[in-house]
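Computed from the coordinates by the stated procedures, all read-outs in this text should not be read as laboratory data. Just so it is clear, the model here is predicted, and its values are computed rather than measured. Don't worry about glycine lacking a Cβ; one is built from the backbone with ideal geometry, like all the others, and counts go over all protein chains shown.
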Amino acid sequence: MFKKVLIANRGEIAARVMRTCKSLGVATVGVYSEADMEAPHVKMADEAYLLGGPRVAESYLNIDKILEIARFSKAEAIHPGYGLLSENTEFSRRCEEEGLVFIGPSPEVISRMGSKIEARKVMEEAGVPIVPGIAYPLADAEEAVRVADHMGYPVMLKASAGGGGIGMQIVGNADEIHKAFAGNQKRATDFFGDGAMYIEKYIENPRHIEIQILADGFGDTVYLWERECSIQRRNQKVVEEAPSSFLDEVTRSKMGEAAVKAAQSIKYRNAGTIEFLVDENKNFYFLEMNTRLQVEHPVTEEITGLDLVAEQLRIAAGDSLGFAQDDVKREGHAIEVRIYAEDPKTFFPSPGTITKLSLPEGPGVRHELAVHGQSVVTPFYDPMIAKLVVRGKNRDEAIDCLQEALAHYQVEGIKTNISMLQKVAAHPAFRAGDTTTSFVTKYL
């Protein structure tokens with residue numbers, strides 16, 4: 001195991017990784033921007049260093065500075081968390097060149113899966129079902145119209161790079177493509193440095209269900225069941241749960257086997273997630289692969305009893321998995337909701353100073369926090385400030401626990417989406433498992 005790891009991230013995921021490192025006796029190196037000097041992850045780290053200004057380009061995306069700190073602190077490995085540099089090919093390659101272990105897959109795999117267009121080609125060759133669409137970048141809006149006219153509306157206009165719903169939009173006709181193309185292309189360029197756009201057929205009322213995998217350096221790969229992440233706003237997940245109430249055991253096994261097949265086809269190593277769209281008839285289609293730890297990984301931990309960060313560290317340190325597919329158990333039901341500093345009516349960010357933070361406690365309740373009672377929520381970063389995770393013996397018990405916890409979750413001084421999450425948790429359709437990607441639009 002490593003003696004010292006640098007966590008090249010911020011917020012709740014940096015704190016989450018540090019917690020496991022400490023449990024394993026691994027020293028931690030934190031990094032922070034000028035806006036994050038008082039953040040919880042800075043205080044948790046055994047040592048912490050200033051990266052630069054508040055904007056991500058000045059700090060958390062500054063590869064040279066992060067590597068300089070890694071050298072100075074004598075860290076042996078770097079955990080990238082999620083977002084920021086976690087799926088950055090150059091960062092992974094630079095770590096290798098510096099003799100640092102990047103806790104994730106190889107630069108080559110990140111590059112191939114970082115392009116959704118390339119990933120579609122790879123998965124199709126591996127025999128994994130994919131959503132009907134094109135596997136090349138569109139030249140302009142006119143070409144997009146020609147493709148969509150041939151494919152049939154509605155279609156999904158998507159950025160090839162990145163994620164989080166950025167550069168993605170459902171379009172129903174040629175006029176909507178002309179209105180959407182340039183804006184989405186610009187957003188993709190601004191956020192990911194890549195404006196390549198492509199089109200997929202839009203699957204009506206799908207479920208967004210993903211499979212968590214672990215793969216070691218000895219050719220062994222297992223799937224850790226699924227997470228359903230269908231409740232979204234602006235194509236970004238808000239509620240995640242495991243297992244899915246929609247899948248039967250046959251479909252669940254088929255999806256898990258397809259995910260393992262996909263990972264092995266590219267010689268994947270470490271933790272990763274294969275995301276699928278699942279239609280009303282339980283046909284599933286490859287959506288994308290996330291070559292990193294997911295925001296929603298705690299629900300998998302809660303039903304399997306595994307610490308995914310610990311598994312990441314062990315695999316990166318050269319250990320084998322140490323268990324087979326038949327050893328992966330599933331018990332109970334877990335639900336995660338993301339707490340955002342945003343107006344629940346408009347979903348616009350709501351920066352400001354938190355004046356009160358009171359968290360619910362009790363059996364089956366878990367918190368992952370990016371803030372404390374007097375934190376300043378700045379406009380520089382993603383507005384997610386916390387995750388609330390609950391667990392029950394079954395789905396109904398987990399929902400009851402979620403409702404009780406949300407009723408006692410208090411954040412004052414800023415607006416949050418807690419009221420929206422309360423509406424989701426209390427809605428009869430949620431209780432019934434009617435959780436397609438249109439849930440928020442349809443019911444709220």
_Ordering of 24-32, 94-102, 79-87 by burial proxy (mean other Cβ atoms within 10 Å per residue, highest first)_ = 79-87, 24-32, 94-102
*Which of the peptides 106-112, 248-254 is most tightly packed, and how do the rest follow, going by the mean number of other Cβ atoms within 10 Å of each residue?*
106-112, 248-254
*Looking at segment 207-443 from every direction and averaging, what is the projected area of its Cα convex hull in nm²?*
12.9 nm²
*Top mean-square fluctuation among 19, 227, 146, Gaussian network model of the chain, C-alpha springs under 10 Å?*
146
_Could you give each residue of segment 393-409 its phi-based ³J(HN,Hα) in whole Hz, using Karplus coefficients 6.51, -1.76, 1.60 with θ = phi - 60°, and x for Gly or Pro?_
5, 8, 5, 4, 5, 5, 5, 4, 5, 4, 4, 5, 5, 5, 5, 10, 8
*Karplus-derived HN-Hα couplings along segment 212-229 (A = 6.51, B = -1.76, C = 1.60, θ = phi - 60°), whole Hz, x at Gly and Pro*: 7, 10, 10, 9, 9, x, 10, x, 9, 9, 10, 10, 10, 6, 10, 10, 9, 10
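Which whole-number percentage describes the relative contact order of segment 387-444, with Cα contacts under 8 Å and a sequence gap of 6 or more?
Numbers: 27 pairs, mean separation 14.6, N = 58.
Computed over segment 387-444, the figure is 25 percent.
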*Dipole axis of the chain (+1 Lys, Arg; -1 Asp, Glu on Cβ), positive-most option in 439, 242, 57*: 57
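Return the subset of 186/345; 158/345; 201/415; 393/423; 22/329 for which the Cα-Cα distance in this structure is over 31 Å, preserving the input order. It would help to have the intermediate numbers written out before the result.
On the way: 186/345 26 Å; 158/345 25 Å; 201/415 36 Å; 393/423 23 Å; 22/329 26 Å.
With Cα atoms farther than 31 Å apart: 201/415.
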*asked:* Using a Gaussian network model on the chain with a 10 Å cutoff between Cα atoms, which of 56, 278, 390 fluctuates the most?
replied: 56
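Which whole-number percent gives the relative contact order of segment 4-103, counting Cα pairs below 8 Å spaced six or more residues apart?
Dividing the mean separation by the residue count of segment 4-103 yields 29 percent.
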*Could you give the nm distance between label points at residue 24 and residue 190, where each point is 7 Å from its Cα heading toward the beta carbon?*
3.8 nm
_Taking θ = phi - 60°, what integer Hz values does the Karplus form 6.51 cos²θ - 1.76 cosθ + 1.60 yield along segment 26-36, in sequence order, with x for Gly and Pro?_
9, 5, 10, 10, x, 10, 7, 9, 4, 6, 10
*Measure out, as a whole number of angstrom, how far apart the alpha-carbon centroids of segment 278-323 and segment 165-209 sit.*
27 Å
*Gap separating the Cα centres of segment 211-228 and segment 381-409, nearest whole Å*: 25 Å
_Cut-off 15 Å, label 7 Å out along Cα→Cβ of residue 307, residues of segment 1-19 by amide N_ = 1-5, 15-19
*residue 76: net charge of surrounding residues, Cβ under 10 Å, Lys/Arg +1, Asp/Glu -1, itself excluded?*
+3
*Tally Lys/Arg at +1 and Asp/Glu at -1 over every other residue whose Cβ is under 15 Å from the Cβ of residue 148; what's the total?*
-3
_Ellipticity estimate at 222 nm from DSSP helix runs (n ≥ 4, -39,500 (n - 2.57)) divided over the chain, nearest 500_ = -10000 deg cm²/dmol
*Inverting the mean 1/r over all pairs of different Cα atoms, compute the Kirkwood radius of segment 132-201 and quote it in Å.*
11.5 Å
*Contact order relative to length of the chain, as percent, for alpha carbon pairs under 8 angstrom and 6 or more apart*: 14 percent
_Residue with peak Gaussian network fluctuation, the chain [Cα springs, cutoff 10 Å], from 237, 179, 116_ = 179
